[in-house]
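The values are calculated or read from the model by the stated rules, or taken from the named source; none is laboratory data. No experiment lies behind these values; they were computed from the predicted model shown. Here Cβ is always computed from backbone atoms with ideal geometry, including for glycine, and neighbour counts include all displayed protein chains. The protein model used for the area step is the full one, side chains on, heavy atoms only, and it has no ligands, DNA or RNA in it. Shrake-Rupley method; radii C 1.70, N 1.55, O 1.52, S 1.80 Å.
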Amino acid sequence: MASVRYVAIGDSFTEGVGDELPDGRVRGWADLVAQGWADASAQPVEYANLAIRGKLVWPIVEQQLEPALALKPTHLSFNGGGNDMLRPRTSVARVVEAFTHVLRRCDEEGVKLIVLSGANPSAQLPLSRVIQRRGDLLSAAVSKKLADRGDLVRAFNWPDRELSSPPYWSEDRLHMNSRGHHRVAARVLTSLGLEPASGWWSLPELPAAANRGAAYYRDHVGPWVRRRLTGTSSGDGREPKHGEWFEVRPSGD
């Protein structure tokens, strides 16, 4: 058994939406962390990813946390609240309670928690000031709640102004592109005391995402609004992409 068993839980940010491979599968920062961890340590890493797009923070906790802990990981990464911020009514205190619950359960199970804040998409989105304000409040509240826990691994992406700029975002402006996911992976690996692959902090810019005026609202905003009105989610019916352990070996092995 590998000495590192890493499981990720969360929403589209952790699932990897925006970092699509040629065959249509999503990769994302957590996949990159698993590979980067194996490469930097020159040891295999057991990896699972239970994240599903569209999830609010408490459904993440209620549906993913205990199955993740049942895998007996050494490390668990958690992020949530991004979808909550997009709802008309968001309780920051309630989101912070989710982080507190995850931390308590990780403590009880002896699992090292890697806690992340999401990247900041607000500059490109409608209602940008509202989203910025909510994200600032949430980021500050989580940071304050965890301030006395020096044993946690922190990878806070919300304050990263470079990451919030358009070259790190996909066409829908809500999910990071491959460049953005690599930057988040570099931050997580650095927080773990590991050296990320050369260039991950800022890969060459990708072709600019199309800014298509009314077409953007038709293709991206409209479907999101319809899901809200119908009470559906982009993650409905989806299974985790890596629901069980699989071994990630160092590159070249």
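What to note about this one:
- Hey, V57 crowded, with 19+ Cβ neighbours inside 10 Å, farther than 25 Å from F246 by Cβ and at pLDDT 95 or above or not: yes
- Filter result (of a type outside the set (V, I, T), in a helix (DSSP H, G or I) and out of contact with any Leu (no Cβ under 9 Å at 6 or more places or on another chain)) within segment 112-131: S122, A123, S128, R129
- Residues located in segment 143-164, provided they are closer than 26 Å to G18 by Cα and either β-branched (V, I, T) or open to solvent by less than 30 Å² (accessible area, probe 1.4 Å) (or both): V153, A155, N157, W158, D160, L163, S164
- In this structure, P67 qualifies as closer than 30 Å to D253 by Cβ, touching a strand residue (DSSP E or B) at 6+ places or on another chain (Cβ under 9 Å) and open to solvent by 30 Å² or more (accessible area, probe 1.4 Å).
- Looking only at segment 6-30, residues that are in a strand (DSSP E or B) and either of a type outside the set (D, E, K, R) or touching a His at 6+ places or on another chain (Cβ under 6 Å) (or both) come to 5 in all.
- On the stretch given as segment 194-224, residues that are at pLDDT below 65 and hydrophobic (A, V, I, L, M, F, W, C) total 4.
- For segment 35-54, a residue qualifies if it is more than 14 Å from the chain's Cα centre (by Cα), under 17 Å from K241 (Cα atoms) and polar (S, T, N, Q), and exactly one does: Q35.
- First in segment 241-253 and touching a residue at least 12 places away in the same chain (Cβ under 8 Å) and under 15 Å from A68 (Cβ atoms), second anywhere and assigned to a loop (DSSP other than H, G, I, E, B) and open to solvent by less than 60 Å² (accessible area, probe 1.4 Å), Cβ under 7 Å, 6 or more apart: G243/L50; W245/L71
- R173 being at pLDDT below 95, buried (at least 18 other Cβ atoms within 10 Å of the Cβ) and at positive phi: yes
- Filter result for S41 (open to solvent by 20 Å² or more (accessible area, probe 1.4 Å), free of Cβ contacts under 8 Å to residues at least 40 places away in the same chain and hydroxyl-bearing (S, T, Y)): no
- Restricting N83, N49 to residues that are closer than 23 Å to R173 by Cα, polar (S, T, N, Q) and touching a residue at least 12 places away in the same chain (Cβ under 8 Å) narrows the list to N83.
- Selection from segment 83-121 of residues that are among the polar types (S, T, N, Q) and exposed (fewer than 15 other Cβ atoms within 10 Å of the Cβ): S91, T100
- Figure legend. Inter-residue proximity from segment 169-196: first residues part of a helix (DSSP H, G or I), second residues surrounded by fewer than 21 Cβ atoms within 10 Å (Cβ to Cβ) and of a type in the set (S, T, N, Q), beta-carbon distance below 9 Å, spacing 6+ or different chains. Indicated pairs: R179/S202; H182/S202; R183/S202; A185/Q35; A186/S202.
Residues checked against (1) touching a Cys at 6+ places or on another chain (Cβ under 8 Å); (2) outside any helix (DSSP H, G or I); (3) over 17 Å from Y6 (Cα atoms); (4) not aromatic (F, W, Y):
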{"residue": "E62", "(1), (2), (3), (4)": "no, no, yes, yes"}
{"residue": "P88", "(1), (2), (3), (4)": "no, yes, yes, yes"}
{"residue": "V95", "(1), (2), (3), (4)": "no, no, yes, yes"}
{"residue": "R105", "(1), (2), (3), (4)": "no, no, no, yes"}
